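The values are calculated or read from the model by the stated rules, or taken from the named source; none is laboratory data. Being a predicted model, the structure only gives us computed values, none of them experimental. A quick note on method: Cβ atoms are made from the backbone with ideal geometry, for glycine too, and the neighbour counts reach across all protein chains shown. The area values use the complete protein model at the heavy-atom level, side chains included, leaving out ligands, DNA and RNA. Shrake-Rupley method; radii C 1.70, N 1.55, O 1.52, S 1.80 Å.
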Amino acid sequence: MNFFFIKVKKTEDHIKILYKLLAERTYNISHHEMPSFISHQQFVCSKPYREWFLIKIDDKFIGSFYIQDDNSISIKINSIYYSRAIKDIINFIKENYLPRPAIKSKISKEFYVNIPFDDNELINCLKKNGYKPSQISYII
């Protein structure tokens, strides 16, 4: 199974695809209500991430992932693809990008993945692939 990683562009097609994927998500960290399409469009056009990719298999877009300037990674795909895609996504990032230089207490020296607390399938998939957790964050 080949996954294709397509850099997000500020096109109407990409914005619509990302909006559809956002609506289909089970877990969210950054929002609890679906934003309006206009708000979403403005967000995408603001280039909020260091790098942002759509994930495609055959002719279907199945998710996205992004890298932030603090070396964090967010992977947003349906859990049915976790066992097949996670390793490919992480390998793609490690083969094509270097982490930003570390700044103590601000930027990790390594890439790390942010995961919604309840997404046990993704947590288990990462553990199964040899990745170790580094911290748990709580909202106060």
Next item on the list: Among the residues of segment 12-38, count how many are surrounded by 11 or more Cβ atoms within 10 Å (Cβ to Cβ) and among the polar types (S, T, N, Q).
Entry: 2
Notebook entry, point to check: Restricting the first residue to segment 2-21 and requiring it to be at positive phi and of a type in the set (Phe, Trp, Tyr), which pairs with a second residue that is surrounded by fewer than 11 Cβ atoms within 10 Å (Cβ to Cβ) and not in a helix (DSSP H, G or I) meet a Cβ separation below 8 Å and a spacing of at least six or different chains?
Noted result: none
Next item on the list: Kindly indicate which of Lys56, Lys76 is open to solvent by 50 Å² or more (accessible area, probe 1.4 Å) and in a strand (DSSP E or B).
Entry: Lys56
Item checked: Test: Phe61 is open to solvent by less than 30 Å² (accessible area, probe 1.4 Å) and outside any helix (DSSP H, G or I) -> no
Notebook entry, point to check: Taking the stated definitions as given, is Thr26 modelled with pLDDT under 95 and polar (S, T, N, Q)?
Noted result: yes
Item checked: Meets criteria (charged (D, E, K, R), outside any loop (DSSP other than H, G, I, E, B) and either free of Cβ contacts under 8 Å to residues at least 40 places away in the same chain or closer than 27 Å to Ile15 by Cα (or both)) for Lys127 -> yes
Item checked: Hits in segment 92-110 - residues which are modelled with pLDDT of 95 or more and either open to solvent by less than 60 Å² (accessible area, probe 1.4 Å) or of a type in the set (Phe, Trp, Tyr) (or both) -> Phe92, Ile93, Tyr97, Pro99
Margin query: Filter segment 18-52 down to the residues that are among the aromatic types (Phe, Trp, Tyr) and in a loop (DSSP other than H, G, I, E, B) and list them by number.
Written below: Tyr27, Tyr49
Next item on the list: Scan segment 111-125 for residues that are over 22 Å from Asp69 (Cβ atoms) and surrounded by 13 or more Cβ atoms within 10 Å (Cβ to Cβ) and jot them down.
Entry: Asp119, Glu121, Leu122, Ile123, Cys125
Check: Can you tell me which residues in segment 81-117 are out of contact with any strand residue (DSSP E or B) (no Cβ under 9 Å at 6 or more places or on another chain), without any contact (Cβ under 8 Å) to a residue 12 or more places away in the chain and part of a helix (DSSP H, G or I)?
Finding: Asn91, Glu95
Next item on the list: Count, please, the residues in segment 33-89 that happen to be out of contact with any Cys (no Cβ under 9 Å at 6 or more places or on another chain), over 19 Å from Tyr19 (Cβ atoms) and polar (S, T, N, Q).
Entry: 3
